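The values are calculated or read from the model by the stated rules, or taken from the named source; none is laboratory data. Bear in mind the structure is a predicted one, so any value in this text is a computation, not a measurement. Here the Cβ positions follow ideal geometry from the backbone for every residue, glycine too, while neighbour counts run over all protein chains shown. Areas reflect the complete protein model, heavy atoms only, side chains present, ligands, DNA and RNA absent. Shrake-Rupley method; radii C 1.70, N 1.55, O 1.52, S 1.80 Å.
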Amino acid sequence: MTVAPDYTSKVPYYTFPDTLAEQEEALATNPLLQRLLEARRSYAGDPHRPIYHYINPEANLNDPNGLCFWQGRYHLFYQAYPPEDTRQHWGHAISDDLVHWRDLPYCIYPNPERCCFSGAALVEEDRVIAMYHGTEVGNMVATSSDPLLLNWEKVANKAVIPIRADAPYRVFDPCIWKQGDAYYSLSAGTKPEGPAGKPVRANFLFRSSDLEHWEYLHPFVEDDGYTLVGDDGACPYFWPIGDRHILLFFSHRSGGQYLLGDYDTERDKFVVTYGAKFNFGAAAPSGVHAPSATPDGQGGVLVIFNMNPGKPTKHWNQIMTLPRRLTVIGDDLAMEPAGDLESLRRDHQHIGKTILAANEELVLDTVQGNAMEIVAEIDPQDAPMIELNVLRAPGKEEYTRIAFFKNRGFRDRVFGSDHHQSLISLDTSYSSVAPDVLSRSPETAPVILTPGETLKLRVFVDKSVVEVFANGQQCVAARVYPDRADSVGVSLRAQGQSAELLSLDAYQMQDIYAE
């Protein structure tokens, strides 16, 4: 008889009371939480550690997991690596507004699984269900019903979808939803149905009536002509969005992506009608990584990603993006930053209408910072390219370039055969002079502007990350590591022909961790 390994964690484990008041009282003196908070304080002087993006309090993190809304609070879980036992545990933070995050103790510990990998959450009226991959054993289910989701119980204390060498499916990252009286789950993987038998993305569908016993049905997705040969379907999240359904996932080959389509509930199939990416290059170095998502309660979906590093960092590594709200516009997505980011704004600077003369860089002397938000509207007119540079050193030894290329993308037949998509590009090639920063090719994504439509940007700069939202429909993001303390400037430029800045508002952003 084979004896299962004992994977009990070395991290101190605590059980908490069942009422909110008692939980808060226990947290106030909890030794593990006090350790986490002290570790967070120790990083306060790191020049590259963001101040209004979520970063784990100690050690490294990886994928975000189980984003959900429960009893008035958002819960963010993530793969954490506690220093005394660096196998993945689920870390935990909560927020009232998706912006100000509060750390909580680790909540899901390994055993019987070796490591707690990625998964998703389903909120029911009386409990939250987390389904995730437990390495060495299979996909696990855990439930919690207390006010702060501090206490978790694993269903059957074993893998409910065990790994099987002879199975026609792969057991890996899962997500979960409910249709009628049945629970459904996807398991991530690939199938050898690409050219010459090469692997392509696959998500395998399971069904259960009790969360413990699961029946395999079939591969879930049909008509996926959007993902690449070699992609896989890790970190899936499937949910209604508008009058459609969306499947978000991460490919270890080509990064975060989504598929839009229709859910055929009679055949239990997802029929794809459109697909696109969240990152526009490899996930590493410095790129967007895996998604975690939850419904927004208004027909949209909220999603957050982790971001990979591009420079060795002491004891901390990946960070989270700002949350994004996804909605459907036609056959594609709209995306905007989510949460009460306006509450972080201070020291407002405004610049009104300004002509951007052709081929002349305009340095905005009154706008500087390395933790700021910029809201800009620009009329490109006939200029083929507009630049907005941030984190700019006075002599331009370092700068991060945001470039807009009008009508320089693929042909777009929505507005006629002669109309082309525009492109938004985030170029970090000159962001740092430090010798240990890893280079990354520009993130360049399509933006569809109607004839005569102006360019509208929301740019978030936070120490070592820049996120650029364009016209409510696109976002490009990357890590950056300016090495000079004076790399805080902002400039504009129109190439070839003149353009007009209609308005620019800049705000310094407050530290969400300040005590």
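Could you list which residues have their amide H under 5 Å from that of His419, counting only those 5 or more apart in sequence or on another chain, with H placed in the peptide plane? Excluding prolines and chain starts, which carry no amide H, the hits are Asp412.
Heavy-atom accessible area per residue, the chain, 1.4 Å probe: how many Å²?
Ligands and nucleic acids excluded, the result is 39 Å² per residue.
Compared with the alpha-carbon gap, the fully stretched path from Val271 to Asp511 is longer by 82.0 nm at 0.36 nm per residue. Is segment 266-358 rounded, prolate or oblate when judged by the Cα gyration tensor, a ≥ b ≥ c being the square roots of its eigenvalues, rounded requiring a/c under 1.5 and prolate requiring a/b larger than b/c? In terms of gyration-tensor shape, oblate. Answer rounded, prolate or oblate for segment 375-515, using the Cα gyration tensor with square roots of eigenvalues a ≥ b ≥ c: rounded when a/c is under 1.5, else prolate when a/b is larger than b/c, else oblate. Prolate shape, in that a/c is at least 1.5 and a/b is the bigger ratio. A viscosity of 1.306 mPa s and a temperature of 10 °C, combined with the Kirkwood radius over Cα pairs in Stokes-Einstein, give a translational diffusion coefficient for segment 426-480 of 126 µm²/s. Mind running the shape call on segment 20-80? Use the C-alpha gyration tensor, a ≥ b ≥ c as the square roots of the eigenvalues: rounded below 1.5 for a/c, prolate if a/b tops b/c, oblate otherwise. The shape class here is oblate.
Between helix 20-29 and the chain there is an angle of about 80 degrees, using the helix long axis and the longest principal axis of the Cα atoms. Segment 392-468 and segment 199-273 have Cα centres separated by 30 Å.
What a 1.4 Å probe finds exposed on segment 206-255 is 47% carbon and sulfur by accessible area, rounded to a whole percent. Rounded to the nearest Hz, the phi-derived 3J(HN,Hα) couplings of segment 277-285 under the Karplus curve 6.51 cos²θ - 1.76 cosθ + 1.60 (θ = phi - 60°) are 10, 9, 10, 10, x, 5, 5, 9, x, where x marks glycine and proline. Between helix 31-42 and the chain there is an angle of about 20 degrees, using the helix long axis and the longest principal axis of the Cα atoms. Working ranking of peptides 332-343, 389-400 by packing, defined as the average number of other Cβ atoms within 10 Å per residue, highest first, is 389-400, 332-343. In a DSSP loop and with at most 16 other Cβ atoms within 10 Å, the trypsin sites (Lys or Arg not before Pro) in segment 414-515 are Arg484.
Summing Cβ point charges (Lys, Arg +1; Asp, Glu -1) relative to the Cα centre of the chain gives a dipole of roughly 1220 debye.
If R₀ is 22 angstrom, what is the calculated FRET efficiency for the pair Cys115 and Ser42, using the beta carbon separation as r and rounding to 0.05? With R0 = 22 Å, the Cβ-Cβ based efficiency is 0.25.
Backbone geometry of segment 117-134 corresponds, through the Karplus equation with coefficients 6.51, -1.76 and 1.60 at θ = phi - 60°, to 3J(HN,Hα) couplings of 8, 7, x, 9, 10, 10, 8, 10, 4, 10, 6, 10, 10, 10, 10, 8, 8, x Hz, x marking Gly and Pro. Dividing the mean sequence gap of close Cα pairs (under 8 Å, 6+ apart) by how many residues the chain holds gives a relative contact order of 13 percent.
Overall, segment 1-65 carries a charge dipole of about 320 debye about its Cα centre when +1 sits on the Cβ of Lys and Arg and -1 on the Cβ of Asp and Glu, all other atoms neutral. Between Gly261 and His245, Thr273, the built amide H atoms are under 5 Å apart, and every one of these is 5 or more places off in sequence or on another chain. Among the listed values [x] 1.10; [y] 0.94; [z] 0.97, the one computed from these coordinates for Rg/Rh (Cα atoms, Kirkwood Rh) is [z]. Placing unit charges on each Cβ (+1 for Lys and Arg, -1 for Asp and Glu) gives segment 354-406 a dipole about its Cα centre, and among Ile378, Leu388, Val367 the Cα reaching farthest toward its positive end belongs to Leu388. Close amide H partners of Asp173, meaning residues 5 or more places away or on another chain with modelled amide H under 5 Å apart, are Ala188, Cys235.
Evaluating 6.51 cos²θ - 1.76 cosθ + 1.60 at θ = phi - 60° for every residue in segment 161-171, the Karplus couplings come out as 10, x, 5, 10, 5, 9, 7, x, 9, 10, 9 Hz, glycine and proline recorded as x.
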